[in-house]
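**Student:** Take a look at the following structure, please.
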Amino acid sequence: MPIPFPPRRLALALAMLTLAAHSQAQTAADAAPADNTLGAISVVGDWLDNPNEEKVLEHGGARTIIERSSFQDTGATNVRDVLRRVPGVQVQESNGTGGSDVSLNVGVRGLTSRLSPRSTILMDGIPLAVAPYGQPQLSMAPVSLGNLSAVDVVRGAGSVRYGPQNVGGIINFVTRAIPRDFTADATVETDMYSHGGVKTSPSAFIGGTNERGLGGALLYSGTHGNGFRESNDRVDIDDVMLKGTYRIGVDDSVSAALHHYEGRAGMPGGLTTRQYSEDPFQSTRPYDSFTGRRTDASFRYNHDDGINKFELLTYYTDSFRGSSIETEGTGANAGKRRLTFNPRNYHTFAIEPRYSRLFRGADVTQEISVGYRYLKEASDERASRTAFYVPDGGFDPLDAPNPQYQYRTGGTTAHAVYIDDTINVGNWTITPGLRYEFIDSFLNDKSNPAARTHTSIKSEEPLPSLSVVYHVSEQWSVFANAGQSFGPLQYFQIASTTNGLHPEKATTYEVGTHFNGGGWKGELTLFNIDFDDELQLRGGTNGGSDAWTNLGATRHRGLETGLSYDLGELSAALSGLSLYGTYTYTQATYKAGVFEGRDLPFYSRNVASLGARYTRNQWTFNVDTFLQSKQRSPGAPDPGARYQTEESANGAYGDIPGYGTVHVRAAYDFGKQMHNLNIALGVKNLFDKRYFTRSTDNNAGKYVGMPRTVYLQASLAY
């Protein structure tokens, strides 16, 4: 579905529409008496601030919010478990070089899920990626579930405000807020796998605010123990955050946060077809591991008088991620391995001011928002490796020399400006907007001191959007939107610009509805994403580096639905019983090349979940099911290549069967007399369904899914 006229003309048209609407509202406002009591309409400012169901109804695109209570009901221990409940979001099991709890593999609407490169993923509005422009992959995802109060997934109509990697929407992890009254609580969950070991996830929170408006909170969440593989599946994660806030006056406040994350995990690796058939839980890679550390600090100033809202956010991040991965030899070194080390350091600084102004006329109200972000990032990426050795031959590669063979430094200076205008006329809300990205990136390759290279690239991209919402009632809204999204070249890609790689652009269209009332809550969205030339990160093999390749033109389209109902609204006898269900149909295909018309790799056309919750007195019972259809791993779409559906001997290629799992849980709340002690017992994958995924990178092969797992939860609150 092509855009009817070029982006710059569309941008000009949107700007003219904004100015015209502003003129109309201002004229009406001048004619009306001064009135600062705005009724139901007040200035919003940051769309992601304080997410709630009212904001979902007002949003002009697909949006889903999962709250903390749902985390516990489903026995979730990480953000992957939570994101599976969101329509349109597909989560790949840990695999390959993203094969640990430190990493996150999330794809939206058929976009690649390997290390989550297609969505802007934030925590309290701050990018989680080590370098949002140059290295957006989440090989390290510095976020822990125990510190979160909600997960907010904006799949459509968000590209004007947030970027740069926004084709797959925006995922914002919202940390627990500083409470008004003193609050303290602690939670622990222990997973006991039918294969492998035991993993424990503790979390703690303490905070409050005094009568002068000075507040603070300390948050901790961690994960420690062994996973369900037989060896090299240990994980140790510690995530701590200190938050503070001070209300200067009625309309003004400042806040700050200091966050430190540290994680280390073994990566048990993929298995060949033969190894998997012998024992799917074994590991043949004793030295593969991943380490990540991140320290970040942020400061915010907020002014909100009900008509004007000014927000200033600035943050600094210091990140390290390193891995050690065994790679297979070829030719004369066939049957041998060598250990490769990849230490990488990144620094990011950003400042983001935004201003919103509410105008109220007799028939029109509107909120005009303007914002700017300056972001500067730097990278230092190195690689070293040992000589080849015979596995299991008594040789310890961790003590062997590992000379450096690759050294690259890079940097990006980016300016992003945006303007949007939310125009309310009767039951209609129309929001035209424009984001403009100015990006200057470079890469210095110092691997060979005698032949150093410097490559740079500049990008300037206008990203227009338009959304329309019709409010059928206070509980029901219908929306449609169209917009352009952008993916700038990353550091790996900059080195390959001579291979014809260019920044990606995609056009997204949505039509849908939100409903929340009378015990019902639901959403339905039809979407279409067109890429003129999509890029895909092809994992390195045989010790080679990851490489970017053109997939050519692709199309992503489908249907997303979610529905829940409180049966207590139907009959008092059913009080406490609620049901939910989600279903997503996605068709993501090649539009050109040797794989034209075939499915893209590693996504399911059909994904569904269904569950029930029943509370009676102090008891709570949950049943949750999850299903997904088969996926493809066909190989690279090189000229003359064959779309592979049968399984390869190394386990990396071929179809991946669909599967379904069932989780059950029972919990008892002892009440205030026992400090709100809550104890729960549950079983994940109740019927011990055996399923797997694949990886095609340096850690290639088959990866078994989680077996039947018994878990215990306990929490105390003061």
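The values are calculated or read from the model by the stated rules, or taken from the named source; none is laboratory data. Computed from a prediction, not measured in an experiment: that's the story for all the values here. In this analysis, Cβ positions are derived from the backbone assuming ideal geometry, glycine residues included, and neighbour counts consider all displayed protein chains.
**Student:** Just name the residue that is farthest from residue 194 (Cα to Cα) out of those in region 259-284 that are under 21 Å from the mean Cα position of the chain (by Cα) and free of Cβ contacts under 8 Å to residues at least 40 places away in the same chain.
**Tutor:** Taking region 259-284 as the starting set, the residues that turn out to be under 21 Å from the mean Cα position of the chain (by Cα) are 259-265.
With free of Cβ contacts under 8 Å to residues at least 40 places away in the same chain added as a condition, the list becomes 260, 262.
Details: 260: 33, 262: 28 Å.
Only one residue fits best here, namely 260.
**Student:** Of all residues in region 463-479, which are closer than 28 Å to residue 505 by Cα and either buried (at least 19 other Cβ atoms within 10 Å of the Cβ) or at pLDDT below 95 (or both)?
**Tutor:** Restricting attention to region 463-479, the residues satisfying the condition of being closer than 28 Å to residue 505 by Cα are 463-469, 478-479.
Within region 463-479, 463, 464, 465, 466, 467, 469, 479 meet the criteria.
**Student:** State the number of residues belonging to region 633-676 that are under 30 Å from residue 183 (Cα atoms) and of a type in the set (Asp, Glu).
**Tutor:** Here the count works out to 1.
**Student:** If you don't mind, there's one more thing I want to ask. For region 669-696, enumerate the residues that are among the polar types (S, T, N, Q), within 21 Å of residue 93 (Cα to Cα) and not in a loop (DSSP other than H, G, I, E, B). Before you say what the answer is, go through the steps one by one.
**Tutor:** The first filter runs over region 669-696 and keeps only residues among the polar types (S, T, N, Q), leaving 673, 676, 678, 685, 693, 695-696.
Filter once more, keeping what is within 21 Å of residue 93 (Cα to Cα): 685, 693, 695-696.
If the condition is that a residue be among the polar types (S, T, N, Q), within 21 Å of residue 93 (Cα to Cα) and not in a loop (DSSP other than H, G, I, E, B), then 693, 695 are the ones that fit.
**Student:** Which one of these does residue 198 not meet: (1) under 27 Å from residue 290 (Cα atoms); (2) of a type in the set (Val, Ile, Thr); (3) surrounded by 18 or more Cβ atoms within 10 Å (Cβ to Cβ)?
**Tutor:** (3)
**Student:** Among the residues of region 666-685, which ones are of a type outside the set (Asp, Glu) and crowded, with 17+ Cβ neighbours inside 10 Å?
**Tutor:** As a first pass, look at region 666-685 and keep what is of a type outside the set (Asp, Glu): 666-668, 670-685.
Correct list: 667, 678, 680, 682, 683, 684, 685.
**Student:** Anything in region 299-350 that is surrounded by 20 or more Cβ atoms within 10 Å (Cβ to Cβ) and of a type in the set (A, V, I, L, M, F, W, C)? List them, or say none.
**Tutor:** Within region 299-350, 313, 325, 339, 350 qualify.
**Student:** Something else about it: Conditions: (1) surrounded by fewer than 24 Cβ atoms within 10 Å (Cβ to Cβ); (2) of a type outside the set (S, T, N, Q); (3) at pLDDT below 95. Residue 160 meets all but one. Number of the miss?
**Tutor:** (1)
**Student:** Those residues that are farther than 30 Å from residue 194 by Cβ and surrounded by 17 or more Cβ atoms within 10 Å (Cβ to Cβ), I need them from region 217-236; list them, please.
**Tutor:** Those that are farther than 30 Å from residue 194 by Cβ and surrounded by 17 or more Cβ atoms within 10 Å (Cβ to Cβ): 217, 219.
**Student:** Do you know which residues across region 169-202 are under 29 Å from residue 233 (Cβ atoms) and not in a strand (DSSP E or B)? Spell out how you get there, then give the answer.
**Tutor:** First pass over region 169-202, keeping only residues under 29 Å from residue 233 (Cβ atoms): 171, 173, 175, 186-202.
If the condition is that a residue be under 29 Å from residue 233 (Cβ atoms) and not in a strand (DSSP E or B), then 194, 195, 196, 197 are the ones that fit.
**Student:** Looking only at region 553-577, which residues are crowded, with 18+ Cβ neighbours inside 10 Å and farther than 23 Å from residue 525 by Cα?
**Tutor:** The one that is crowded, with 18+ Cβ neighbours inside 10 Å and farther than 23 Å from residue 525 by Cα: 577.
**Student:** Tell me the strands (runs of 3 or more DSSP E) entirely within region 560-664 that contain at least 3 residues that are at pLDDT 95 or above and farther than 30 Å from residue 518 by Cα.
**Tutor:** Those strands (runs of 3 or more DSSP E) span 577-590.
**Student:** If you go through region 644-654 one residue at a time, do you hit one that is out of contact with any His (no Cβ under 7 Å at 6 or more places or on another chain) and under 28 Å from residue 574 (Cβ atoms)? Steps first, please.
**Tutor:** Taking region 644-654 and keeping what is out of contact with any His (no Cβ under 7 Å at 6 or more places or on another chain), we get 644-654.
From what is left, the residues that are under 28 Å from residue 574 (Cβ atoms) are none.
Within region 644-654 (the criterion being out of contact with any His (no Cβ under 7 Å at 6 or more places or on another chain) and under 28 Å from residue 574 (Cβ atoms)), the answer is no, since none of the residues qualifies.
Listed here are the residues, each with its yes/no results for (1) in contact with a Ser or Thr (Cβ under 8 Å, 6 or more places away or on another chain); (2) of a type in the set (Ser, Thr, Tyr).
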position: 194; (1), (2): yes, yes
position: 215; (1), (2): yes, no
position: 261; (1), (2): yes, yes
position: 272; (1), (2): no, yes
position: 278; (1), (2): no, no
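**Student:** Then there is this: If residue 441 satisfies every condition in (1) closer than 30 Å to residue 368 by Cβ; (2) among the polar types (S, T, N, Q); (3) surrounded by 15 or more Cβ atoms within 10 Å (Cβ to Cβ) but one, which is the exception?
**Tutor:** Here residue 441 clears every test but (1).
**Student:** Inspect all residues belonging to region 126-143 and state whether any of them is under 30 Å from residue 623 (Cβ atoms) and either modelled with pLDDT of 95 or more or not polar (S, T, N, Q) (or both).
**Tutor:** Taking every residue of region 126-143 in turn, at least one turns out to be under 30 Å from residue 623 (Cβ atoms) and either modelled with pLDDT of 95 or more or not polar (S, T, N, Q) (or both).
**Student:** Moving on to the next point. For region 232-251, check the following and say yes or no: at least one residue is under 29 Å from residue 137 (Cα atoms), of a type in the set (S, T, N, Q) and not in a loop (DSSP other than H, G, I, E, B). Break it down into steps so the answer makes sense when it comes.
**Tutor:** Start the filter on region 232-251 by keeping residues that are under 29 Å from residue 137 (Cα atoms), which leaves 232-243.
From what is left, the residues that are of a type in the set (S, T, N, Q) are 232.
Then drop every residue that is not not in a loop (DSSP other than H, G, I, E, B), which leaves none.
No, the conditions are met nowhere in region 232-251.
**Student:** Another question, then. Across region 174-212, what is the number of residues that are more than 19 Å from residue 245 (Cα to Cα) and of a type in the set (A, V, I, L, M, F, W, C)? Can you show your working first?
**Tutor:** Taking region 174-212 first, the residues more than 19 Å from residue 245 (Cα to Cα) are 185-204.
Cutting the leftovers down to of a type in the set (A, V, I, L, M, F, W, C) gives us 186, 188, 192, 198, 204.
Number of matching residues: 5.
**Student:** If you check 94, 103, which single one turns out to be over 30 Å from residue 422 (Cβ atoms), among the hydroxyl-bearing types (Ser, Thr, Tyr) and under 13 Å from the mean Cα position of the chain (by Cα)?
**Tutor:** Numbers: 94 fails: under 13 Å from the mean Cα position of the chain (by Cα).
One residue alone meets the criteria, 103.
**Student:** To continue, here is another question. State yes or no: is residue 688 more than 18 Å from residue 623 (Cα to Cα) and touching a residue at least 60 places away in the same chain (Cβ under 8 Å)?
**Tutor:** Details: more than 18 Å from residue 623 (Cα to Cα): no; touching a residue at least 60 places away in the same chain (Cβ under 8 Å): yes.
No.
**Student:** Quick check on my filter: what residues within region 239-272 are touching an Asp or Glu at 6+ places or on another chain (Cβ under 6 Å) and either over 30 Å from residue 701 (Cα atoms) or surrounded by fewer than 16 Cβ atoms within 10 Å (Cβ to Cβ) (or both)? So that I can check it myself, show each step before the final result.
**Tutor:** Of region 239-272, the ones touching an Asp or Glu at 6+ places or on another chain (Cβ under 6 Å) are 251, 259, 261-262, 264-269.
251, 259, listed by residue number.
**Student:** Report those strands (runs of 3 or more DSSP E) wholly inside region 330-449 carrying at least 1 residues which are under 24 Å from residue 302 (Cβ atoms) and touching a strand residue (DSSP E or B) at 6+ places or on another chain (Cβ under 8 Å).
**Tutor:** On the way: elements: 337-341, 344-360, 364-385, 404-425, 428-445.
Fully inside region 330-449 and qualifying: 344-360, 364-385, 404-425, 428-445.
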